[in-house]
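This report refers to the structure that appears directly beneath it.
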Amino acid sequence: MTYRHGLLTGITSTALAAGAIGAAWWVVAAPIKEPTKSAAPGIPATVPKPFKEDQAATVVLTADAEAKLALRTAPVTRASVPRARVFGGEVVVPPGRSILVSAPLAGTLKAGTAPVPGQLVRAGKPVLQLVPVLDPVGRANLTAARVDADGQVKTADEQLKLARITLGRAKEVLAEGGGRQRDVDDANAALKVAEQTHAAATARRDLLGKVLGELDSGTAAPIPIDAPADGVLRNVNSLPGQMVPAGAPLFEVINLDAVWVRVPVYVGDREEIDGAFATIRPLAAPTGSSGRGAWAVGAPPTANPLAGTVDLFFHTLNPDPSDDRWKAVAGAVGGFAVAPFAGAPLGPGQRVAVMLALKEPAEALIVPWAAVLYDFHGGTWVYVKTADRTYSRERVRVRHVTGERAVLDDGPAPGKEVVSAGAAELFGTETGFSK
């Protein structure tokens, strides 16, 4: 290394060391500057005239306009009202109202008009005709069937006697104040089932005796297979021209003059429900529709462990306006007797809405049902009188409707006056549809 190169290297090293020392001193000794505060954020938007719903929905009438509208008001009240809850229900056929008719003996169904499901039938009217076909074995079977039929009639006699005794005892205990109406209803239902069983067994015994007599005399004729009760054909298992063995199912008749409604109820709600009475409505029934009444019945206890529900059963009348029998009833006792059950008849399996009352009443706001009106979007409103000839439209939430009263979840304070007559006309005046 030459002298010149050594000199340059020393100068460069000295300069770098001095720069590093100066930079370190500046970092340590320089004052820490506080971060400058940002300016306050600006207002993103301004509303010169904010919208106030209560002022926008206020109507001020002149004295002449108020007189022409003939408005009437009623106070908002707070009272203890029965609580109710709506559950889903299913229409079912009551026990004893579905009868399966079987062939009393082997034979061929006589050709003719075939019955169809849904067809109305009357008790004692023939649905099919059976031409018996007998060989020696068949004759022996027929004789044995007659003996068996005699035994069934005797058994049915004893069951019928027992059912009558049970019903009589239940009525006596209830009259003395120590029984329940449910026990009487259960005994009455058991008596009806016993009567139908006895009638079916007697008819089968008489039919077999008639057939045996005709076969012995050589005058066998087609046996009419009659409908055991008034009702509707639900199933048709055999058709004219078909050969059937003894005991083969021919058709099924159901009577829908009265139906049951099965209501699954969550077990946690069961203790809150007063299950003596129910109101049945279609699923799409509008708010305020009356519905049809239904009463609790004693039925075998059923439940769904997976859903955690227990079943309540209610029975209700199910008149068919097109049925001549119901027309005769309405003509005899008056239309008012079946008016509460008017509407389309209910069918097995149909889903319905069931309103059940709760045991403990609760206080709620009450206004006349005529005071509630609906807007285009389905919102519910009432007009509150805020000053002389001044009415303000306020939102309400309707819980349910009882008669002519609307029970509210939310609404005006108690004591305020709401328009109970003329609310629709006042709404038309506000929106400009009427002058």
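Between Glu425 and Arg169, the modelled label-to-label distance comes to 6.8 nm, taking each label 7 Å out from Cα in the direction of the beta carbon.
Assuming R0 = 60 Å, can you tell me the calculated FRET efficiency for the pair Arg139 and Arg72, based on Cβ-Cβ distance, to the nearest 0.05? My answer for the efficiency is 0.10.
Subtracting the Cα-Cα distance of Ala246 and Ser102 from 0.36 nm times their residue separation leaves 51.1 nm of extension gain. Shown in residue order for region 385-393 are the 3J(HN,Hα) couplings computed by the Karplus curve 6.51 cos²θ - 1.76 cosθ + 1.60 at θ = phi - 60°: 7, 9, 7, 5, 6, 10, 10, 10, 8 Hz (x for Gly and Pro).
Would you please classify the overall shape of region 104-247 from the alpha carbon gyration tensor, given that a ≥ b ≥ c denote the square roots of the eigenvalues, rounded means a/c under 1.5, and beyond that prolate means a/b larger than b/c while oblate covers the rest? Judged from the Cα gyration tensor, region 104-247 comes out oblate (a/c at least 1.5, b/c at or above a/b). Each Lys and Arg contributes +1 and each Asp and Glu -1, all at the Cβ; summed about the Cα centre of region 104-247, the dipole is approximately 220 debye. For Arg164, Arg146, Arg270, the sequence from fewest to most other C-beta atoms within 10 Å is Arg270, Arg164, Arg146. Remark: for residue pairs Lys110/Lys154; Lys154/Lys210; Lys171/Lys359; Lys110/Lys210; Lys110/Lys192; Lys125/Lys154, the C-alpha separation exceeds 22 Å in Lys110/Lys154; Lys171/Lys359; Lys110/Lys192; Lys125/Lys154. Our estimate of slack between Ser80 and Leu283, defined as 0.36 nm per intervening residue step minus the Cα-Cα distance, is 70.3 nm. The slack in the chain from Gln350 to Ser13, taken as 0.36 nm per residue of separation less the alpha-carbon distance, amounts to 111.2 nm. Each residue, Arg395 and Asp410, gets one label point 7 Å from its Cα in the Cβ direction; the gap between the two is 0.6 nm. Each label point was placed 7 Å from the Cα along the Cα-to-Cβ direction; for Ala203 and Glu271 their separation is 4.9 nm.
Each value in this text was obtained by applying a stated rule to the coordinates, not by laboratory testing. Being a predicted model, the structure only gives us computed values, none of them experimental. Because the Cβ atoms are built from the backbone with ideal geometry, glycine has one as well, and the counts that use them run over all protein chains shown.
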